[in-house]
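Read through the structure below, which is laid out as structure tokens, and then see the notes.
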Amino acid sequence: MSSASEVDVKSGMGTGTETSMEDKLCVEIDQAFKDNRATAEDWRRALDKVVPAIVVLRVTACRAFDTESAGVSYATGFVVDKRRGIILTNRHVVKPGPVIAEALFVNREEIPVHPLYRDPVHDFGFFRYDTSSIQFLNYEEIPLAPEAACVGLEIRVVGNDSGEKVSILAGTLARLDRDAPVYKRDGYNDFNTFYIQAASGTKGGSSGSPVIDWQGRAVALNAGSKTSSASAFFLPLERVVRALKFLEKGIESVANKLEAVSIPRGTLQIVRHASPSRETGMLVVDSVVPGGPAHKHLEAGDVLVRLNGEVSVTAIHSILSLSPKEEKDKSLVLESGSWCFQLSIVAFSEVQDLHSITPDHFLEVGGAVIHPLSYQQARNFHFQCGLVYVADQGYMLLRAGVPRHAIIKKFAGVEITRLEDFISVLSKLSRGVRVPLEYISYKNRHLRKSVLVTVDLHEWYAPPQIYTRNDSSGLWTIKPILTLESKLLSPNVNWIVQDLASNGVSSCSADVTPVEQAQQCICQEPMNGVANMKTTCEQVDDGSLSLDKSDAAIKKGQVDKQLSVDVSLLPGFPSHKLSKVRLEASGTETETVLRNNQGAAANASVAERVIEPTLVMFEVHVPSSCMLDGVPSQHFFGTGVIIYHSQTMGLVAVNKNIVFVSVSDVLLSFAAYPIEVPGEVVFLHPVHNFALVAYNPSALGPGASVVRAAELLPEPALCRGDSVCLVGLSSNLQAISRKSFVTNPSAALNMGSAHFQRHRGTNMEVIELDTVLGSTFSGVLTDDLGRVRAIWGSFAIQLKFGGSSEQDQRFSRGIPIYTVSQILDKIVSGADGPPLCINGIKRPIPLIRILEVELYPTLLVKARSFGLTDTWIQGREIDILVGTDVRDGNGSTRMINWCGCIVQDPHPAVRALGFLPEEGHGVYATRWCSGSPTQRYGLYALQWIVEVKGKPTPNLDALVAVTKEIEHGEFVRVRTIHLNARPRVLTLKQDLHYWPTWELRFDPETAMWRRRTIKALNHSTE
């Protein structure tokens, strides 16, 4: 409900008399204010009394939930019941989801506090604490006096303003009838109440501060402010007083049996005479939540006049007039437009408890948080309460392109109306399976969108769990939703194997039984054991692949307008944007694809026609739970080239700005055949900017005969002036090319270190061209016959412009193919190296010997200053013996998550800085998680953990041994050394309830990433 201004009803309330300006002013100023004569000494005594009862709250939202995101925030609260240990603050501070919070008193005594109550509508809530934990401070509770609030009252706002421990801001109450402020369209907003306004200029951190008068009483609760002015908004305390009385009686869940009612205007003079003189408005229905008790009975614009026979013009009066346990009928009179009608409360199907439509549980799966739609968000979005709502996409839904705040309507072909429906479907799926999901969003509520959701093949995240709020303990209990027999818990699942079960292909993983196709995906058509996908949100051609004349024009060397999105790094680009089609009977599929490709490429150059069947579009996703080696984003997109293709293995070469790390999910889309298959990272060059990704040729079905490997031409090396053809793929899998000339065949690559250390090509000579297809374009360089001379890839460098922060700048260069060819020959010939399971066959992956130095070019005239002799300049060679280091191509294969801090062995980019702590350098913090103890206590990334609890941690095994000895809730001393060599000591409190210690490790025997719990609450593994 919102207030109707006096202007709207003035014509119906006129009395025929005129009021002077002096009379109006007298009406505005309350008598209580006129009797106020506070002195400076009065304020000093009041502040001395209230300051000890005010606390700084440090609140950590462990998970995203409802209107709130995961993270750490600071706010204010104050003691309102000393005997029971109750602290009052705002609802947006208590938060509706799982939180861990501490209260810091003025004498620096810090105690844990637990959520006791959060109002389902209004912006207030309570924490509770153990009163015996305060040992050294004398304090008294602050009394609540909502009746003392009046226009003109001088007040003080005392709290943690702008992060300061104690700030005192002065102000004067200007309005008592301001509409509730609207903070965000998709976030928490208060409603059905008036707010108090004053120009006190509060800022962040002061939420929950008491608004006190000169007698030391709280007359309101600070809630928000306007950033563009000094206006502050205070919540009236009538509702708070009522809730506190229920809590004092032992009722921890106050039932808000609030009926939304509307009463006709009737004689407006009655309202004027019956209302307090300072009330100038009335209440109207602003919106009705679909599916609620008032739905189809009330509508926006209905005006409230009487409630239970009494004139009511304020939201506070309406709320307090409805007892939560009152069962007698209430007669309501309503006016809608120009007609009146009377309605009894029994006309509603039931009087709804607002707590019953405020969710107290959520599902966590693949990093996503899903729960029933709350009353708050249902009002914001005008949806029905209880729908399946995405509070956080996590990795699983973000990868599919599902936005936050989405409403899930269908999953794997099953209509979803409740969270239980979603859980039931999820429990029947297998690891790695792809199923369709339909959703709507409040921004486009009338259009259902379809995406493909991939159930994680690797164990990036813990199995799906249900969190349920326990108000008695203040924690959320965690319970797994799957039984031990569930396919999602099977450790040996390979979705390629389950698709190819009929082909009898051997694999390192065990076969599993797929979910029934009818429930699995309505847009999957089995084809020789391979599920060929098509999108449901775009028009799909049921026939074979064909290109029109405009496509042929593009293929003739012209750059289409979509080039700007054909980049090697494009976060958020969904996989369903790639064109896919469903093919006809397999007997003629290969011939049809070949015929259409030949017709489409009739006007293309020879090089383009030859190289196009070897090109592959990459879509790479990195889970947020394991972003190792300084990877800058979660999503990468670009073109690679097939360099090897046989019956048992296919290899694709691609630059490392597309495949950054091995801990990722890779999807390959082939230009020669419309199918998408997963890839497996098998080699990441430790120095040069390329990677090799394997795929299973059997997964291509009939397309295996169409797809082929490119012919590599490592020798002779390119020379200046040579003509080459730059070829790549656009976002719709069409080849685009440009004729170019080599301007520098051996340009020395010299890239500075990024602020956040990550891979950068070093000791490389790259190829430069006169004309290119954009700074982020990726593809290959070929000669006129389509033979590959180089990989064309992007490089990233950080530059600083003026006073701004460093920004990523990208450029493209050619990587000579002879470096790739050398690695390929060793893999195919079976050279010595550690074995890796590729498509069920163990193959040796070569080791690389490198110099632990970084070289850069300089002029001979400059080299003389470094001591270069004339003998060397004249061409004499000198033989010297230097040591080398042996590296594999696996990248980082192990990480540990301790208290939300992701640690690993220092990756090559960190080691290249030339500094490693003498105390130990085997535990490097590379990332941290929002809402974790790491964020709460400031254990951030880019530093080494060298000591925990007084024990050295020179490597990951030592860290594991130490953390096993640390109990839940125990404070530990952590010593770190930053990249700038600066040591630091901090204290961290371990939280095993929400943040168990676990590790993720790559298993080369099965080519799978395995998750192992190291220590959790009431659970420990060796």
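The values are calculated or read from the model by the stated rules, or taken from the named source; none is laboratory data. Fair warning: this is a prediction, and the values are worked out from it, not measured in the lab. Cβ placement follows ideal geometry from the backbone for every residue including glycine, while neighbour counts extend to all protein chains displayed. Quick note on the areas: whole protein, heavy atoms, side chains included, nothing else; ligands and nucleic acids left out. Shrake-Rupley method; radii C 1.70, N 1.55, O 1.52, S 1.80 Å.
The string of couplings for the range 182-192 from the Karplus curve (6.51, -1.76, 1.60, θ = phi - 60°) is 9, 8, 9, 6, 10, x, 5, 9, 7, 7, 6 Hz, one whole number per residue in order, with x for Gly and Pro.
For the range 739-885, the average shadow cast by the Cα convex hull is 14.3 nm², which is a quarter of the hull's surface.
For the ranges 138-144, 88-94, 634-640, 993-999, what's the packing order if you count other beta-carbon atoms within 10 Å of each residue, average per peptide, and put the highest first? Intermediate results must be reported in sequence, preceding the final value.
Working: 138-144: 16.1, 88-94: 27.3, 634-640: 24.7, 993-999: 20.1.
Packing proxy ranking, top to bottom: 88-94, 634-640, 993-999, 138-144.
All Cα-Cα separations within the range 435-482 were binned at 10 Å from zero, giving a P(r) of 20, 25, 31, 23, 1, each value a whole percent of the pairs. Packing-based ranking of 945-958, 978-991 yields 945-958, 978-991, ordered from highest to lowest mean Cβ neighbour count within 10 Å. Computed from phi, the 3J(HN,Hα) profile of the range 360-376 under the Karplus parametrisation 6.51, -1.76, 1.60 (θ = phi - 60°) reads 10, 8, 8, 9, 10, 9, x, x, 7, 10, 10, 7, x, 5, 7, 4, 4 Hz, with x in place of Gly and Pro. Calculated on the Cα set of the range 733-823, radius of gyration then Dmax: 14.7, 49 Å.
For the cross-link pairs K479/K949; K95/K249; K95/K226; K95/K203; K487/K989, which exceed 26 Å when the distance is taken from alpha carbon to alpha carbon?
Working: K479/K949 31 Å; K95/K249 23 Å; K95/K226 21 Å; K95/K203 19 Å; K487/K989 36 Å.
Long pairs (Cα-Cα over 26 Å): K479/K949; K487/K989.
Estimated at 0.36 nm per residue, the fully extended path between S633 and N107 surpasses their Cα-Cα distance by 185.0 nm.
Please work out how much length the chain gains when fully extended from T648 to V886, using 0.36 nm per residue of separation minus the C-alpha to C-alpha distance, in nm with one decimal. Write down the numbers at each step before the final one.
On the way: separation 238, 0.36 × 238 = 85.68 nm, distance 2.88 nm.
Stretched fully, the T648-V886 segment lengthens by 82.8 nm.
In plain terms, the bigger the Kirkwood radius, the slower the diffusion; for the range 115-206, with that radius from Cα pairs, at 20 °C and 1.002 mPa s, Stokes-Einstein puts D at 135 µm²/s.
The range 430-488 and the range 922-966 have their alpha-carbon centroids 29 Å apart. Modelled this way, with points 7 Å down the Cα-to-C-beta line, the labels at I797 and V985 are 4.3 nm from one another. The simple Förster model, with R0 at 22 Å and r as the Cβ-Cβ distance, assigns R242 and D81 a FRET efficiency of 0.95.
For the listed peptides 64-76, 875-887, a ranking on the average number of other beta carbons within 10 Å per residue, highest first, reads 64-76, 875-887.
Taking R0 as 22 Å, what's the FRET efficiency between A717 and R911 from their Cβ-Cβ distance, rounded to 0.05? List each step's numbers first, then the result.
Details: r = 31 Å, r/R0 = 1.40.
Efficiency at R0 = 22 Å is approximately 0.10.
The residues of the range 794-916 expose on average 59 square angstrom of accessible surface per residue, using a 1.4 Å probe on protein heavy atoms. Here, P(r) means the percent of Cα pairs in each 5 Å bin from 0 to the largest distance; for the range 812-896 it is 3, 9, 12, 16, 15, 13, 11, 8, 7, 4, 2, 0.
Annotation for the range 831-891 versus the range 637-661: alpha-carbon center distance of 24 Å. Centre-to-centre separation between the Cα atoms of the range 352-415 and those of the range 164-236: 31 Å.
Each residue, N955 and L847, gets one label point 7 Å from its Cα in the Cβ direction; the gap between the two is 1.6 nm.
Among I791, S775, Q757, flag the residue with its Cα farthest along the positive direction of the charge dipole of the range 742-797, charges on Cβ as +1 for Lys/Arg and -1 for Asp/Glu. Towards the positive end, the residue furthest out is Q757. Treating each Cα of the range 37-173 as an identical point scatterer and ignoring solvent, apply the Debye formula and state log10 I(q)/I(0) at q = 0.14 Å⁻¹. Here the Debye-derived log intensity ratios amount to -0.68.
Length available on full extension from A199 to R37: 0.36 nm per residue minus the Cα-Cα distance, which gives 56.3 nm.
Convex hull volume per residue, computed on the Cα atoms of the range 685-748, equals 161 Å³. Within the range 661-779, all pairs of alpha-carbon atoms sorted by distance into 5 Å bins from zero give the percentages 2, 8, 13, 17, 20, 18, 14, 6, 1, 0.
In the P(r) worked out for the range 965-1014, what percent of Cα pairs fall beyond 17 Å? Don't skip to the end; give the middle numbers.
Working: 712 of 1225 pairs.
In whole percent, the share of Cα-Cα pairs in the range 965-1014 beyond 17 Å is 58.
Inter-label distance, Y442 to S829: 6.4 nm, where each label sits 7 Å from its Cα along the C-beta direction.
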